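This report refers to the structure that appears directly beneath it.
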Amino acid sequence: MEKVHIFDTTLRDGEQSPGASMNLKEKRLIAHSLADLGVDIIEAGFPIASEGDFQAVKEIAESVHGPAIAGLARCHPADIDRAFAALSPAKRPRLHVFLATSPIHRTYKLKMGKEEVLDRIGEGVLRARSLCENIEFSAEDASRTEWEFLAKAVETAIDAGATTINVPDTVGFALPESFGNLISYLKTNVPNIEKAVLSVHCHNDLGLAVANSLAAIQAGVRQVECTINGLGERAGNCSLEELVMAMRTRKDAYPFETNVDTTHLVPTSRLVSRVTGMHVQRNKAIVGENAFAHEAGIHQHGVLEHAMTYEIMRPEDVGFNGNKMVLGKHSGRHALKDWMRQNGYPIKDDDFEQVFKEFKNLADRKKDIFEDDLIALMEGEFSHKEGPWELESIQTSAGLGHVQMATVSLKHRDGSMYSEAACGSGPVEALLKAIERIVGITVRLKHFELQSVTRGKDAQGEAQIQVEFEGRKFSGRAFSTDIFEASANAYLNIMNYLAERELPQRDVAAGRS
């Protein structure tokens, strides 16, 4: 069977989801998971965007083997040179250059005529090809570009040395039938089209990213750009897990192969969710908690008689584990490690002892340990952002007719202790104000949510917080049986992230050290 190449852009386009920023350690962890999943190309970032992106692409290029490693660049010499400098350690580097081609982008963003755009495409691809053999060109907003001009742009890019041509539906405007017709038009009207692999990159603004990608495959595309959990700008990108399982389940319509090991889909999905703090909805196709759940009696009866009455895929094929292990305060290290392995929680041996200690503490605080408790414990570990501040103690005062107050003590990595008190309309607001006073960073609270994630009166609570800092949104979350502790740690995760990554980069950009 023919092969469809899977190009994963979770670390680049996926990270552009508001609040989904990742640090270097998190990007590296996801990149290794994507390599285990079996994707063909990992787009590791946009190197010229920031020093952090450059370092992330460079480290992934050095340490991740198997997939080709791609870096994004505009058709500008500085972008291209910077991207290749980051990619140079990779065994299989790919330079991915792009330029918008649609009338609205040419007129309002680029302020360039058609001939100028074609010249820029030729120059950009030619420069990239002088550095690297594996060149991808993307015609941004291709689905809203005049077909005849798009064909000319594609021909120009291939003549200049592009080996992959990507046709993006950048704003999710396309419909499956017309998008498939566009691919067929290019295959018929671009004279040198056979010299390059055709690719698509579909956004989900109308909920059609997967459908448009599948239509493009039927029309001749042999690479699809997608993300884990469908992350990405606005409504996101084509969901990798949905695309791959649609092709696998409906081989009658899509007789193609991929290199993806589908049993890694759920663990990879959970890892990305934990790192980004962006929950997978329960009814999400393939990897959602309810994807293989049956509550209606008729459905339950049918599944018990024969699973395929209501299941068109086996849960084991995507990485779900039907077995459940009961864990509690009498459990040992081996049982916890086995549960972590089965549920896709990678952790180094030298970090395990801390996790085991926190598991034992949780078991002492709760009468019953449910699987949701274990998931919350692990997600708390992975949502923790390393930084200079650590929560030491909290004291709150609340009640009708009383002043709402909170006192917080934080420990700095240099060993110093700092305490502050604050008042607020409630104890949580007072708590967050006290933290801001200590760390010296002021943000605007955009969203605050508390919810129970396990059962019982001693259930663990999850705090989710989103803030705005200098026009950008950042998210944090944390878990605890104490909602004030969860709220403080969720806020502190954001503060540590800003202190470690955003503030140093802002100072460097401003010429300060």
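The values are calculated or read from the model by the stated rules, or taken from the named source; none is laboratory data. Treat the numbers as computed from the prediction; the structure is a model and nothing was measured. Here Cβ is always computed from backbone atoms with ideal geometry, including for glycine, and neighbour counts include all displayed protein chains.
A compact table of results
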item	result
Residues of the stretch 110-148 satisfying the condition of being closer than 27 Å to residue 67 by Cβ, of a type in the set (Val, Ile, Thr) and not in a helix (DSSP H, G or I)	135
Residues of the stretch 164-213 satisfying the condition of being touching a Phe, Trp or Tyr at 6+ places or on another chain (Cβ under 7 Å) and assigned to a helix (DSSP H, G or I)	182, 185, 212
Criterion: out of contact with any helix residue (DSSP H, G or I) (no Cβ under 8 Å at 6 or more places or on another chain), farther than 28 Å from residue 147 by Cα, among the hydrophobic types (A, V, I, L, M, F, W, C) and modelled with pLDDT of 95 or more - qualifying residue of 68, 78, 61, 86	68
Strands (runs of 3 or more DSSP E) wholly inside the stretch 414-479 containing at least 1 residues that are outside the structural domain of residue 400 (by TED's automatic domain parsing), of a type in the set (Gly, Ala, Ser) and touching a residue at least 60 places away in the same chain (Cβ under 8 Å)	none
Neighbours by Cβ (under 7 Å, 6+ apart or cross-chain): first from the stretch 130-150, farther than 9 Å from residue 167 by Cα; second surrounded by fewer than 19 Cβ atoms within 10 Å (Cβ to Cβ) and hydrophobic (A, V, I, L, M, F, W, C)	144/104; 144/173
Close pairs from the stretch 390-405: first of a type in the set (Ser, Thr, Tyr), partner surrounded by 14 or more Cβ atoms within 10 Å (Cβ to Cβ), Cβ under 6 Å, at least 6 apart	393/409; 396/406; 396/427; 396/484; 397/405
Residue 42 being β-branched (Val, Ile, Thr) and touching a strand residue (DSSP E or B) at 6+ places or on another chain (Cβ under 9 Å)	yes
Among residues of the stretch 44-83, those that are under 23 Å from residue 120 (Cα atoms) and crowded, with 20+ Cβ neighbours inside 10 Å, counted	13
Flag if residue 411 is basic (Lys, Arg), modelled with pLDDT of 75 or more and surrounded by 15 or more Cβ atoms within 10 Å (Cβ to Cβ)	yes
Matching entry among 283, 229, 237 (being surrounded by 23 or more Cβ atoms within 10 Å (Cβ to Cβ) and out of contact with any His (no Cβ under 8 Å at 6 or more places or on another chain))	229
Meets criteria (surrounded by 13 or more Cβ atoms within 10 Å (Cβ to Cβ), in contact with a strand residue (DSSP E or B) (Cβ under 6 Å, 6 or more places away or on another chain), farther than 21 Å from residue 481 by Cβ and at pLDDT 90 or above) for residue 406	no
Residues satisfying the stated conditions in the stretch 2-28, i.e. within 14 Å of residue 70 (Cβ to Cβ), out of contact with any Asp or Glu (no Cβ under 6 Å at 6 or more places or on another chain) and assigned to a loop (DSSP other than H, G, I, E, B)	10, 11, 13
Unmet requirement for residue 39, which otherwise passes all of (1) under 27 Å from residue 157 (Cβ atoms); (2) in a helix (DSSP H, G or I); (3) β-branched (Val, Ile, Thr)	(2)
Verdict on residue 176 being under 27 Å from the mean Cα position of the chain (by Cα) and over 26 Å from residue 30 (Cα atoms)	yes
Of all residues in the stretch 175-199 being surrounded by 15 or more Cβ atoms within 10 Å (Cβ to Cβ) and in contact with an Asp or Glu (Cβ under 7 Å, 6 or more places away or on another chain), the one that is farthest from residue 229 (Cα to Cα)	190
Members of the stretch 69-110 found to be farther than 23 Å from residue 172 by Cα and of a type in the set (Lys, Arg), listed by number	82, 91, 92, 94
